[in-house]
Structures are given as structure tokens and as C-alpha cells.
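One structure is given below, encoded as C-alpha cells.
Bear in mind that the values in this text are calculations on the coordinates, not laboratory data. Keep in mind the model is a prediction, meaning the values are calculated, not measured. Positions of Cβ are generated from backbone atoms using ideal geometry, with glycine treated the same way; all protein chains shown enter the neighbour counts.
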Amino acid sequence: MKIVTIGSFKGGTGKTTIAAVLGTALTLRGLKVRVIELEIQTKPLARYQASREFADLDGPKIVDLNVSGGTPDVKDWQMTFSNTKAQAERDKIDVLIIDTSSVWKPEVIAAHLMADLVITTVTESPIDLYQIMPTDGPSMQAVRPYAQLIDLVRRHAEKAERTNFDWFLCLNRKSHLITRVGERVRDRLTEFTDESGIQLVEGLVDRVGYRNMMDTGVTPMDDIAGKPVQRSQIAARTEVNRLASRVVARLGLKVDADQLERV
């Protein structure tokens, strides 16, 4: 079983959208997927699951976790995730996806430390750069840039001699238009990922289909009887399948060839 952690220290980068569509795309490939939702206040993924069930569509099982008593630290959460992983293995889960919240919290750190693959979502906004990497720029620099967590997790993986650990920086919610700001952000991210040994991968373009799916449960991968497939849906399906295929290949997951015909 493999663990994929999806993280970012800024809201609005599409973490939950990636968790939903990736979990669904892997499920449609015949894999057994479970998603841990750490955003337990609003629970958007739980609503997404309920909408898919109402629409009679296949999807990953959504669960949330709580550590009772006192103020749990990183080790407490690591133990909780280890127990959850053991239970998932007993349930023959293939992939466990952890959708984190956008803050530096013990559960977020622990989720990154447990991962076989981390997917960090980022947009073309310069503000995202201030949240991710150290900078000599203005005071918009985050108190704890995400780069600090990258260094922490990398050191942990090296100490544990985990040679199969990997990290994707997923450029998400891209504009349909090429802009000078977007190109500057991409150039900076390319430099950062090259220096950090992280893969910069293509994410999701800003499409209407992604905005509606949390309410309807319908993703770009779904064909609904009586509804024509729009060109934008085909484009969205292509980019989701591209990301899912990259994850499957990197984690060495076995997918039934017959299931691939569905996607």
C-alpha cells in the first residue's frame, strides 16, 4: 500500500480538488482508494463523497481522523497515521491519500513524514512563491515557508534510508491565457524544483467542471447518461488522467488493463 500526501501552506491552491479527482481517477482504474480528510471543520470531501453516492457514482472512501486527549504532537499523529495505515493494509487498500490543511500543524507535518509521494499544489500567483520558498523580497515572506517542511521531510527520508520517496510540485489552477506574471512564477518554480530535486508537474487548468464537482459529485471523468461530453470536459479528463498515470507509474501500482479502457 502507498501513501500520497497532498499539501500546501496556502488556501485556494486546489489541494482538495486534487485529492478528489486523483482519488476518483485511481478508483476508476480499479484501485482501492481511501482518503483521509484533515479539514474536519468544513469537510468538503465528505460532502463530495455524499454527492457521488447520491449520483450512484464510484469513488474513494472518505474518512477523518482525531487524536483525543491533550495536545497531540507530531509523534502522536505519526502513531495515529501508522495505525490507520495498518488498518488500511488489512482492508487491502491500494492507495491512502491524505488531504492536509493549509497550516503548519503537527498533523500536517506527520502526514508529510508518512508519505511515499508528496504532491504540493501551487498556482501561478506570486503570493504562492512567498509561501513556498525563502526570498529576499518584501515582508510578504511566510514566517515558515513551505521549503522548511520540504527540508525537514527530506532529512527524515534520508535518515530512514527511504530511497523510493518522491515529491511533485503540481502547478494547479492555471489560467487559459499565457501571462507574463504566470511565466515569471513558472520560471521561479522551475529554478526552485531543480535546486530542491522535486519534479514540477502539470496540474489542473481553471475549469468550470472542477468548481461544480464538490456539490454535484460529478467529475470530468464521469459520463452521465443523456448529457453530451463537452470539449472542456475532454480536456479536463485528459489532464486528470495524465496526473493519475504519473502517480501510478511513480508508485509502481498495478492497474488492470481492462479498467484502463474506462478512463
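Over every Cα atom in the range 150-263, the radius of gyration and the widest Cα-Cα span, Dmax, amount to 17.5, 55 Å.
Dipole magnitude for the chain: computed about the Cα centre from +1 point charges on Lys and Arg Cβ and -1 point charges on Asp and Glu Cβ, it is near 180 debye. With all pairs of separate Cα atoms included, the chain yields a Kirkwood hydrodynamic radius of 19.0 Å. Restricting the trypsin sites (Lys or Arg not before Pro) of the range 56-117 to loop positions (DSSP other than H, G, I, E, B) with no more than 10 neighbouring Cβ atoms within 10 Å leaves Lys92. Relative to the Cα centre, what is the charge dipole magnitude of the range 1-129, using +1 at the beta carbon of each Lys and Arg, -1 at the beta carbon of each Asp and Glu, and rounding to the nearest 20 debye? With only Lys, Arg, Asp and Glu charged at Cβ, the dipole is about 180 debye.
In this structure, the amide hydrogen of Ile119, modeled 1.01 Å from its nitrogen in the peptide plane, lies closer than 5 angstrom to those of Thr5, Ile6, Gly7, Phe168, counting only residues at least 5 positions away or on a different chain.
When the chain is treated as a Gaussian network with alpha carbon springs shorter than 10 Å, the biggest mean-square fluctuation among His176, His156, His112 belongs to His176. Each residue, Asp58 and Glu158, gets one label point 7 Å from its Cα in the Cβ direction; the gap between the two is 4.2 nm. Over what distance in Å are the Cα centres of the range 1-29 and the range 202-250 separated? About 13 Å separates the Cα centre of the range 1-29 from the one of the range 202-250.
With both partners inside the chain, how many of the DSSP beta bridges are antiparallel, as a percent to the nearest 5?
Antiparallel: roughly 0 percent of the beta bridges in the chain.
Here the label points at Ser68 and Ala235, each 7 Å from Cα along the C-beta direction, are separated by 5.0 nm in the simple model. Beyond 22 Å in Cα-Cα separation lie the following of the pairs Lys75/Lys105; Lys43/Lys174; Lys10/Lys174; Lys2/Lys159; Lys10/Lys61: Lys43/Lys174; Lys10/Lys61.
Which is the longest run of the chain containing none of the GluC sites (Glu not before Pro) found in DSSP loop states (not H, G, I, E, B) with at most 11 other C-beta atoms within 10 Å? Working shown, then result.
Values: sites that count: Glu161, Glu261.
Result, exposed sites excluded: 1-160.
The calculated FRET efficiency for the pair Asp151 and Ala249, based on their C-beta separation and a Förster distance of 25 Å, comes to about 0.45.
Taking only alpha carbon atoms, the range 7-163 gives an Rg to Rh ratio of 0.98, where Rh is the Kirkwood radius. Computed extension length for Val205-Lys85: 40.0 nm, one decimal, from 0.36 nm per residue of separation with the Cα-Cα distance subtracted.
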